[in-house]
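A.B. asks: Got a structure for you, questions after.
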Amino acid sequence: EGGQECPNLHSKFRPEAEKGLAVVCCAVTNNNCWFAVEKGVRSSLYRLLLIVIVLIVYGSLYPWDFHASQLAASPLWLLLHSWPTQFDRFAARDTAINVLIYMPVGVFGLLALRQHCRTAVAAIGAVLFALALSSSIEMIQLFDDARECSGFDVVCNVSGTVLGVALGNVYQGWLKRF
């Protein structure tokens with residue numbers, strides 16, 4: 001898209017360019033070209049996944065009012081032992097929201113990873129990534145008074161990712177058209 005051409009296209013990426021993949025020049029320094037190879041669909045899926053992750057992190061940690069505090073135990077221990085004591089309509093609403101918010105992680109995680117590995121490996125990778133992301137966010141919320149750390153949220157988030165992986169697997173042909 002109107003960018004500067006790389007002066008020295010490294011030979012190992014010439015076959016990629018011949019396959020129809022776009023060779024994107026990222027930086028030119030001292031006549032050396034640092035570049036990335038991307039395919040339109042591949043880069044779009046990763047961009048969508050990145051946007052979803054950024055929105056989840058932003059929404060989960062807003063208002064970004066962190067403080068240092070002495071915890072009674074390790075953050076992981078607190079996460080594993082923090083379950084809701086009652087299930088009311090607010091907990092049901094939070095459950096639905098958590099499941100829905102993480103479904104795109106499953107869909108786009110599966111589709112992006114599937115370009116590099118088998119479907120089963122991509123599905124497991126997307127779910128494990130969601131587990132790590134959700135657990136990390138929940139433990140960070142221990143340092144924000146406006147937020148609560150909950151193991152049940154992690155379960156809901158991972159469940160949403162599993163549903164997203166299932167939807168991504170069923171509708172992958174249709175989704176790749178966009």
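A.B. asks: From (1) in contact with a helix residue (DSSP H, G or I) (Cβ under 8 Å, 6 or more places away or on another chain); (2) at pLDDT 95 or above; (3) open to solvent by 20 Å² or more (accessible area, probe 1.4 Å); (4) not hydroxyl-bearing (Ser, Thr, Tyr), pick out the condition that doesn't hold for VAL155.
C.D. replies: Checking VAL155 against (1) in contact with a helix residue (DSSP H, G or I) (Cβ under 8 Å, 6 or more places away or on another chain); (2) at pLDDT 95 or above; (3) open to solvent by 20 Å² or more (accessible area, probe 1.4 Å); (4) not hydroxyl-bearing (Ser, Thr, Tyr), the one that fails is (1).
A.B. asks: Now, a different point. Output the number of residues of segment 124-137 satisfying the condition of being open to solvent by 20 Å² or more (accessible area, probe 1.4 Å), more than 13 Å from LEU76 (Cβ to Cβ) and of a type in the set (Gly, Ala, Ser).
C.D. replies: Residues flagged as open to solvent by 20 Å² or more (accessible area, probe 1.4 Å), more than 13 Å from LEU76 (Cβ to Cβ) and of a type in the set (Gly, Ala, Ser) within segment 124-137 amount to 1.
A.B. asks: Still on this model: Against the conditions (1) of a type in the set (A, V, I, L, M, F, W, C); (2) surrounded by fewer than 16 Cβ atoms within 10 Å (Cβ to Cβ); (3) closer than 19 Å to TYR46 by Cα, where does ALA146 fall short? Just the number, please.
C.D. replies: (3)
A.B. asks: Looking at segment 64-89, which of the residues that are under 16 Å from VAL154 (Cβ atoms) and of a type in the set (S, T, N, Q) is most open to solvent (accessible area, probe 1.4 Å)?
C.D. replies: Filtering segment 64-89 for residues that are under 16 Å from VAL154 (Cβ atoms) and of a type in the set (S, T, N, Q), the one most open to solvent (accessible area, probe 1.4 Å) comes out as SER74.
A.B. asks: Please go through segment 115-139 and pick out each residue that is more than 14 Å from the chain's Cα centre (by Cα) and in contact (Cβ under 8 Å) with a residue 24 or more places away in the chain.
C.D. replies: Once the filter is applied, which keeps residues that are more than 14 Å from the chain's Cα centre (by Cα) and in contact (Cβ under 8 Å) with a residue 24 or more places away in the chain, segment 115-139 yields GLN115, THR119, GLU138, MET139.
A.B. asks: Please indicate, with yes or no, whether at least one residue in segment 103-119 is at pLDDT 95 or above and open to solvent by 60 Å² or more (accessible area, probe 1.4 Å).
C.D. replies: No - not one qualifying residue is present in segment 103-119.
The values are calculated or read from the model by the stated rules, or taken from the named source; none is laboratory data. Treat the numbers as computed from the prediction; the structure is a model and nothing was measured. Cβ coordinates were reconstructed from backbone atoms using ideal geometry, including for glycine residues, and neighbour counts include every protein chain displayed. Just the protein is used for accessible areas: all its heavy atoms, side chains included, with ligands, DNA and RNA removed. Shrake-Rupley method; radii C 1.70, N 1.55, O 1.52, S 1.80 Å.
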